[in-house]
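Student: What follows is a single structure, and I will ask about it in a moment.
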Amino acid sequence: MSPVRQTILVVEDEAPIADAIRYALKTEGFEPVWRTTGREALAVLAEQPVALVVLDVGLPDASGFDVCREIRRRGSVPVIFLTARSAEVDKIVGLELGADDYLAKPFSPRELTARVRAVLRRTNGNGAAKPAEAAAVWQHDAARCRISYRGNALELTRNEYRLLAVLLAAPGRVFSRDQLMQAAWDDPGAALDRTVDAHIKLLRAKLRETAPEADPIVTHRGLGYALREDS
Ligand code: CA
């Protein structure tokens, strides 16, 4: 497509993870630049054009959250977080950090490059509006805690939003009820398995209002829920 390879800034202090990411990005035609600290990452952003930042939450010199805030203060380059703990996922979803997506470790490099492509498609350079014909089935505006499905902005409660945001961040991945509870409830200990089921039911009803036949949330019996990958 584009003759110029897009630069992806990879901020990750664990070399084996960074190596896998860099290899996958290169294979997919991107130009990865690797840094291990927040300070070095911000220096790269000040020096050269970067199409997207892959940002680990746990860095040696700073929290990825602080680095993300600083990136946002400087401009609109898309950010995908890498997280190691569900508590971090909770924070990304709950805080208005302006992150475009996140991936929970462990993830496959292929999953990451798919996400990079999706975010770049969605943000289309400097956050410019994309043509209507290219509209994605799902649009997640994490900064505003809003999700659109097939062009319709969904009216979601806080827990419904957080549940859907978790599923949406990793289409195809099966989340247990416990994982969903940890990510979407402020007080997961007080919630019951059937609380998740009840909220999934409400979510499905809201999605059916937009697309009666699609049913994008899949139940995996005895395991949990996933979002259909081709939904
Ligand atoms: Ca780390």
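Student: Treat every Asp and Glu Cβ in the range 148-231 as -1 and every Lys and Arg Cβ as +1, leave all other atoms uncharged, and give the resulting dipole magnitude about the Cα centre to the nearest 20 debye. All intermediate terms of the calculation are to be shown ahead of the outcome.
Tutor: Working: 12 positive and 12 negative charges, 18 e Å.
About 80 debye.
Student: Relative to the first principal axis of the alpha-carbon coordinates of the chain, what is the inclination of helix 64-74, with its axis defined by its Cα atoms, in degrees from 0 to 90 and to the nearest 10?
Tutor: Relative to the chain, helix 64-74 is tipped by roughly 70 degrees.
Student: Projected onto the charge dipole of the range 41-103 (+1 at Lys/Arg Cβ, -1 at Asp/Glu Cβ, origin at the Cα centre), which of Phe81, Leu59, Leu42 gives the Cα projection farthest towards the positive end?
Tutor: Among Phe81, Leu59, Leu42, the one farthest towards the positive end of the dipole of the range 41-103 is Leu42.
Student: Okay, moving on. Compute the helix-to-body angle for 158-169: its Cα long axis versus the longest principal axis of the chain, expressed 0 to 90° and rounded to tens.
Tutor: 50
Student: Only bridges with both residues in the chain count here: give the DSSP antiparallel percent, nearest 5.
Tutor: Values: 12 of 29 bridges.
Around 40 percent of the beta bridges assigned by DSSP in the chain are antiparallel ones.
Student: Another question, if that's okay. Note down the nm distance, to one decimal, between modelled labels 7 Å out along Cα→Cβ at Asp193 and at Ala20.
Tutor: Result: 3.0 nm between the two label points.
Student: Another question about this same structure. Taking the simple approach of a point 7 Å from Cα along Cα-to-Cβ for both Arg117 and Arg74, what is their distance in nm?
Tutor: Simple spin-label model gives 2.9 nm for this pair.
Student: Would you please put 39-46, 113-120 in order of how densely packed they are, using the mean number of other Cβ atoms within 10 angstrom per residue and starting with the highest? Mind showing how you got there, number by number?
Tutor: Details: 39-46: 16.5, 113-120: 18.8.
Ranked from most to least packed, the peptides come out as 113-120, 39-46.
Student: Same structure again: With a Förster radius of 41 Å, plug the Cβ-Cβ distance of Thr157 and Asp66 into 1/(1 + (r/R0)^6) and report the FRET value to the nearest 0.05.
Tutor: Values: r = 30 Å, r/R0 = 0.72.
Result of the calculation: an efficiency of 0.90.
Student: Under the rule of -39500 (n - 2.57) per DSSP H run of 4 or more residues, summed and divided by the residues of the chain, what mean residue ellipticity at 222 nm is obtained, to the nearest 500 deg cm²/dmol? Walk me through the numbers on the way to the answer.
Tutor: Working: 8 runs with 100 residues, N = 231.
For the chain, the value works out to -13500 deg cm²/dmol.
Student: Take the Cα radius of gyration of the chain and divide it by 2.2 N^0.38 Å, with N its residue count; two decimals is plenty.
Tutor: Details: Rg = 17.6 Å, N = 231, 2.2 N^0.38 = 17.4 Å.
So the Cα radius of gyration is 1.01 times the expected 2.2 N^0.38 Å.
Student: Tell me the angle of helix 15-27 to the major Cα principal axis of the chain, expressed in degrees between 0 and 90 and rounded to the nearest ten.
Tutor: Rounded to the nearest ten degrees, it is 90.
Student: Given the Cα-Cα distance of Ser176 and Arg228 and 0.36 nm per residue of separation, how much length would full extension add, in nm?
Tutor: Details: separation 52, 0.36 × 52 = 18.72 nm, distance 1.52 nm.
Here the answer is 17.2 nm.
Student: Still on this structure, please answer the following. Starting from the Cα-Cα distance between Ala214 and Asp141, subtract it from 0.36 nm times their residue separation and give me the gain in nm to one decimal. Walk me through the numbers on the way to the answer.
Tutor: Values: separation 73, 0.36 × 73 = 26.28 nm, distance 2.18 nm.
Full extension of this stretch gives 24.1 nm more.
The numbers here are math on the coordinates, done by the rules we state, and not lab data. Remember, it's a predicted structure, so these values are computed and weren't measured experimentally. Every residue, glycine as well, gets a Cβ built from its backbone with ideal geometry; the counts of neighbours run over all protein chains shown.
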